Amino acid sequence: MLAEVVRSGFTESVHRGSLVVLTGDRVRLAVGDVDSPVFPRSSNKPLQALGMLRAGLDLDDADLAIGCASHSGEAVHVDRVLALLARHGLTEDDLGCPEDWPLHEDSRGDRRRRVTMNCSGKHAAMLATCAQLGWDTASYLAPAHPLQAAIAATVTDLTGTPIPAVGVDGCGAPLFALSLTDLATACSRLVTAPPGTRRRRVADAMRAHPHLVGGTGRIDTALMDAVPGLLVKGGAEGVHVLALPDGTTLALKVDDGAARARTPVLGAVLEFLGHQPPPLDTVVLGGGEPVGEVRVPAGLFGSGPRA
């Protein structure tokens, strides 16, 4: 059990899952099944971005950050994605992701758009890679496309493990399964790579532009703003990865996919590792007033519950 929902002093619900904390090759903490494959969803985006850089993509760090993003669809995100496309003679219509509302409710217009879908930055970077290398842009999401083959080779290189399964992500892109241990290992290798390398560029771009990676009110942005040198990337269905500058890395998966379970776990892990997280919303409401919390159960980290 990773998290429990306590209402009026009564445990109302629980969320089970798995997590691993690595420092280098040393497992500092393992809970649940950390070696069977899961779909990391958008937590794969830093690895996909590295695959694009290795293939030959040339772009600045802010565009690299939006290529790693699950952005909120605010104006700053939309404008950057459209500009990245325009520099390569492409438009919103070339994006292969589905139309969606922005995650930032105040940025909603009168219709769903491809560019406001949270993965549009990744798709724009994929299209830019194809345009720069002379690859077909219409078929860029096909698993056999040279772009996707290059990304798969990079994921395998970072983890040292063959990809056990390939699916289709919510945005339509190929999705590579990884174990939590392999996901943590791969992200650790990004933050500990020598400065100036492609691996380090991915980590540094995300950490330099946390608002582009997430957006207003998003937990990835809040955590990277609060903890110097922290790299954080969440994914759908209860997946999250975070890496400290020394390479200490967490990867977690909530079995039922509940997003609310991740927040207290991420905060508790940072405390476990000696860092102070920012205030995180773990409040349970009743009648519009706080009546409980979502919290980490006692003993998960060798101490009492943490909100």
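The values are calculated or read from the model by the stated rules, or taken from the named source; none is laboratory data. For clarity, every value in this text was computed on a predicted model and none was experimentally measured. All Cβ positions, glycine included, derive from the backbone under ideal geometry; neighbour counts span all protein chains shown. Surface areas here come from the heavy atoms of the whole protein model, side chains and all, with no ligands, DNA or RNA. Shrake-Rupley method; radii C 1.70, N 1.55, O 1.52, S 1.80 Å.
Here are the numbers for this structure:
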quantity	calculated
Where VAL6 falls short, out of the listed (1) farther than 17 Å from LEU158 by Cα; (2) touching a helix residue (DSSP H, G or I) at 6+ places or on another chain (Cβ under 8 Å)	(2)
Residue pairs meeting the criteria (Cβ under 8 Å; at least 6 apart or on separate chains; first within 13 Å of ASP220 (Cα to Cα), in segment 264-277; second part of a helix (DSSP H, G or I) and open to solvent by 70 Å² or more (accessible area, probe 1.4 Å))	PRO277/GLU271
Criterion violated by VAL284 - all others in (1) closer than 27 Å to VAL6 by Cβ; (2) out of contact with any Asp or Glu (no Cβ under 7 Å at 6 or more places or on another chain) satisfied	(2)
Residue match in segment 31-53 (condition: open to solvent by 40 Å² or more (accessible area, probe 1.4 Å) and either in contact with a His (Cβ under 6 Å, 6 or more places away or on another chain) or more than 19 Å from VAL254 (Cα to Cα) (or both))	no
Given (1) open to solvent by 30 Å² or more (accessible area, probe 1.4 Å); (2) under 29 Å from ASP256 (Cα atoms), number of the condition ALA86 does not satisfy	(2)
Per-region count, segment 12-50, residues closer than 14 Å to ASP169 by Cβ and not small (Gly, Ala, Ser)	8
Neighbours by Cβ (under 7 Å, 6+ apart or cross-chain): first from segment 120-139, touching a residue at least 40 places away in the same chain (Cβ under 8 Å); second open to solvent by 10 Å² or more (accessible area, probe 1.4 Å) and of a type in the set (Val, Ile, Thr)	LEU127/THR137; ALA131/THR137
Contacts under 8 angstrom Cβ, first residue in segment 7-28 being at pLDDT below 95, partner open to solvent by 60 Å² or more (accessible area, probe 1.4 Å) and not in a strand (DSSP E or B), 6 or more apart	THR23/ASP246
Members of segment 160-171 that are more than 16 Å from the chain's Cα centre (by Cα) and not β-branched (Val, Ile, Thr)	GLY160, PRO162, PRO164, ALA165, GLY167
Test: ALA75 is of a type in the set (Gly, Ala, Ser) and closer than 26 Å to ALA177 by Cα	no
For LYS122: the one exception among (1) within 19 Å of ALA55 (Cβ to Cβ); (2) among the charged types (D, E, K, R); (3) open to solvent by 40 Å² or more (accessible area, probe 1.4 Å)	(3)
Odd one out for ASP157 among (1) within 19 Å of LEU22 (Cβ to Cβ); (2) under 18 Å from the mean Cα position of the chain (by Cα)	(2)
GLU4 surrounded by fewer than 15 Cβ atoms within 10 Å (Cβ to Cβ), in a strand (DSSP E or B) and not basic (Lys, Arg)	no
Qualifying residue in segment 285-298 (condition: closer than 22 Å to HIS71 by Cβ, in a strand (DSSP E or B) and touching a helix residue (DSSP H, G or I) at 6+ places or on another chain (Cβ under 9 Å))	no
Entirely in segment 140-243, the helices (runs of 4 or more DSSP H) that have 3 or more residues that are in contact with a Ser or Thr (Cβ under 8 Å, 6 or more places away or on another chain) and surrounded by 23 or more Cβ atoms within 10 Å (Cβ to Cβ)	180-191
Unique residue being under 14 Å from the mean Cα position of the chain (by Cα) and small (Gly, Ala, Ser) when the list is ALA186, ALA208, ALA142	ALA186
Residue list for segment 278-300, filter: touching a residue at least 40 places away in the same chain (Cβ under 8 Å) and under 23 Å from the mean Cα position of the chain (by Cα)	PRO278, LEU280, VAL294, ARG295, VAL296
In segment 127-139, residue nearest to MET52 (Cα to Cα) [restricted to those that are crowded, with 21+ Cβ neighbours inside 10 Å and not small (Gly, Ala, Ser)]	THR129
